[in-house]
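Below is one structure, written out as structure tokens; comments come after it.
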Amino acid sequence: MSSPYEVLEVSPTASADEIQKAYRKLAKTLHPDLNPGDRTAEDKFKAVAGAYDLLRDPEKRRRFDAGEIDETGAERPPQGYYRDYASNDYGRYANSGGFADFDEDLFADLFRQRGRAQPNRRGEDLQFRLGLTLAQAITGGEQRLTLPGGGTLDVKIPAGVVDGQTLRLKGKGGMGFGSGGPGDAYIMLEVLPDPRFAREGDDLVLEVPISLSEAVLGGKIQVATPTSQVSMTVPAGSNSGSTLRLKGQGAPRGGGGRGDELVRLKIVLPKPTDPELEAFVKSWEAGRAHNPRETSR
């Protein structure tokens, strides 16, 4: 698995701002909505979002750099072997025979005792992390999880899951002994950030540019939601910063339902400036007399 620095195409010494800029650049080209049906782009987007989620958190980044967690954020097992002590003051392990000074019959007897004590031991429970796009968290569906050993596990995602929610897959854990049966698999879900939206609690904030004509006269515009495009009416006389609300189009709530989507309007003038518009403004006495800094007080 690639390092999160390699996935984001940044140096391990990159600043937080450089990491954020790299994520936004890659996410805007790989987002599933821009590549419908392209599984490769979707997988790359998940990898990019997962790498950013790890590196944007200073503590996670520190722990990854220190080798305490892996690329998925999972704990790395401590690597303590007898060879680690070969150069220290543990004389009993320093000879070239390693464990040769241990009685092989003793080892065999220990294994036989363990086998008799746990003939029907239940398999180990396993824990995995699965990244989802915001749209996948909202709509649910089946996702394929690639396991560390190269295998796969198909996971049915209920609609409306939230970040940090854990799913239990009964019998999908480690193999048991005898009649002990397999353990379970626990899948912790991670809702990856969507570069189009900012979050305010369960509400999503989307900035939408509008023309001067749309601001003055109003009109219908198309607005993106996490899962689709919807039509919205811009009221006549709208200003930059005006906020419109799309009910129930926000992020999933932990107790069920969804927040709202807040659409913030931003008036964008044409470039280059239209000569007709410039001539009109120069001759528009009422507009020249209007001081918005006074009326906004």
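The simple spin-label model puts a point 7 Å past each Cα toward its Cβ; for LYS28 and THR152 those points are separated by 3.3 nm. Charge dipole (Cα centre; +1 on Lys/Arg Cβ, -1 on Asp/Glu Cβ; no other charges) of the stretch 1-76 amounts to roughly 200 debye. Stokes-Einstein, applied to the Kirkwood radius of the stretch 121-193 over Cα pairs at a viscosity of 1.567 mPa s and 4 °C, places its translational diffusion at 101 µm² s⁻¹.
The numbers here are math on the coordinates, done by the rules we state, and not lab data. Remember, it's a predicted structure, so these values are computed and weren't measured experimentally. Please note: Cβ atoms are built from the backbone with ideal geometry, for glycine as well, and neighbour counts cover all protein chains shown.
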